[in-house]
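Colleague: Questions regarding the structure given below will be posed in turn.
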Amino acid sequence: MLRESLMGELLHEADNTRKLFDAIPDDVLSYQPNDFNWTLAGLAAHIAEIYCWWEDTLNKNVFDMAEYKYDKGDISSMENIKKKLEENIAGAIRALENYPEERFMENWSMVSGEAELMPPMPRIQVIRGFLMNHLYHHRGEIIAYLRANGKRVPGLYGSSYEEQQEQMASQN
């Protein structure tokens, strides 16, 4: 039952990520609000990469960042980033599809070599916090980046401000 619930959320939020990525034009990919934030392309690539982490989160009890190879791929266009997103979403779905319910309560941790980055916690907590909430956080940043560039933001959980303004204008 828990697996089915997580799958529903994964699929729903993957659609929201796609909707958001469809709103990102290539002409703003180099936008960076300051020198310590990612570019919009780098941020989108990071979001796509989060879906790649499902497999290791579900199948390993310890995630070692020192051994992890980050592969953002070619981030010169949204078409390329969306291809990577789709590959990673498909991998996340495969990892979760037949996952044993009893394993959700097993402890999981993140290290970098000998350094503990995230203490042991139940895998379900990692899925909710590290995978899902992390995704929501970065999608919110993308929304801020789009608005800073005067771009239209799609509604993810109901109408966006831009959609509401369009509706009001069409009624007048």
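Values quoted throughout were computed directly from the atomic coordinates according to the rules given, and no laboratory measurement underlies them. Quantities reported herein were computed from a predicted structural model and do not represent experimental measurements. All Cβ positions, even for glycine, are placed from backbone atoms using ideal geometry, and neighbour counts span all protein chains on display.
Colleague: Can you go through GLU86, GLU102 and tell me which one is within 12 Å of the chain's Cα centre (by Cα) and either loosely packed, with under 15 Cβ neighbours inside 10 Å or of a type outside the set (A, V, I, L, M, F, W, C) (or both)? Step through it out loud before you land on a result.
Modeller: Working: GLU102 fails: within 12 Å of the chain's Cα centre (by Cα).
When all the criteria are applied, what remains is GLU86.
Colleague: Could you tell me which residue of segment 48-71 is surrounded by the fewest Cβ atoms within 10 Å (Cβ to Cβ), considering only residues that are among the charged types (D, E, K, R) and more than 17 Å from the chain's Cα centre (by Cα)? Even if it seems obvious, please write down each step before you answer.
Modeller: From segment 48-71, those among the charged types (D, E, K, R) are 49, 55-56, 60, 64, 67, 69, 71; that's our starting set.
When the remaining residues are screened for being more than 17 Å from the chain's Cα centre (by Cα), the result is 60, 64, 67, 69.
On the way: LYS60: 12, ASP64: 16, GLU67: 10, LYS69: 4.
Only one residue fits best here, namely LYS69.
Colleague: For segment 105-154, which residues satisfy the criterion of being within 18 Å of the chain's Cα centre (by Cα), closer than 25 Å to GLN165 by Cα and not small (Gly, Ala, Ser)?
Modeller: TYR136, HIS137, HIS138, ARG139, GLU141, ILE142, ILE143, TYR145, LEU146, VAL153, PRO154
Colleague: Criterion first (free of Cβ contacts under 8 Å to residues at least 12 places away in the same chain and more than 19 Å from ASN133 (Cβ to Cβ)) does GLU106 satisfy it?
Modeller: Working: free of Cβ contacts under 8 Å to residues at least 12 places away in the same chain: no; more than 19 Å from ASN133 (Cβ to Cβ): yes.
When the stated conditions are applied, GLU106 does not pass them.
Colleague: Anything in segment 4-39 that is among the acidic types (Asp, Glu) and part of a helix (DSSP H, G or I)? List them, or say none.
Modeller: Of all residues in segment 4-39, those among the acidic types (Asp, Glu) come to 4, 9, 13, 15, 22, 26-27, 35.
Residues satisfying the conditions are GLU4, GLU9, GLU13, ASP15, ASP22, ASP26, ASP27.
Colleague: Mind listing whichever residues of segment 145-154 are without any contact (Cβ under 8 Å) to a residue 60 or more places away in the chain and either touching a helix residue (DSSP H, G or I) at 6+ places or on another chain (Cβ under 8 Å) or loosely packed, with under 14 Cβ neighbours inside 10 Å (or both)?
Modeller: Here is the first cut: in segment 145-154, the ones without any contact (Cβ under 8 Å) to a residue 60 or more places away in the chain are 147, 150.
Passing the criteria: only GLY150.
Colleague: Regarding segment 116-132, can at least one residue be identified that is out of contact with any Ser or Thr (no Cβ under 7 Å at 6 or more places or on another chain), touching a residue at least 24 places away in the same chain (Cβ under 8 Å) and surrounded by fewer than 15 Cβ atoms within 10 Å (Cβ to Cβ)?
Modeller: Yes: segment 116-132 contains one or more residues that are out of contact with any Ser or Thr (no Cβ under 7 Å at 6 or more places or on another chain), touching a residue at least 24 places away in the same chain (Cβ under 8 Å) and surrounded by fewer than 15 Cβ atoms within 10 Å (Cβ to Cβ).
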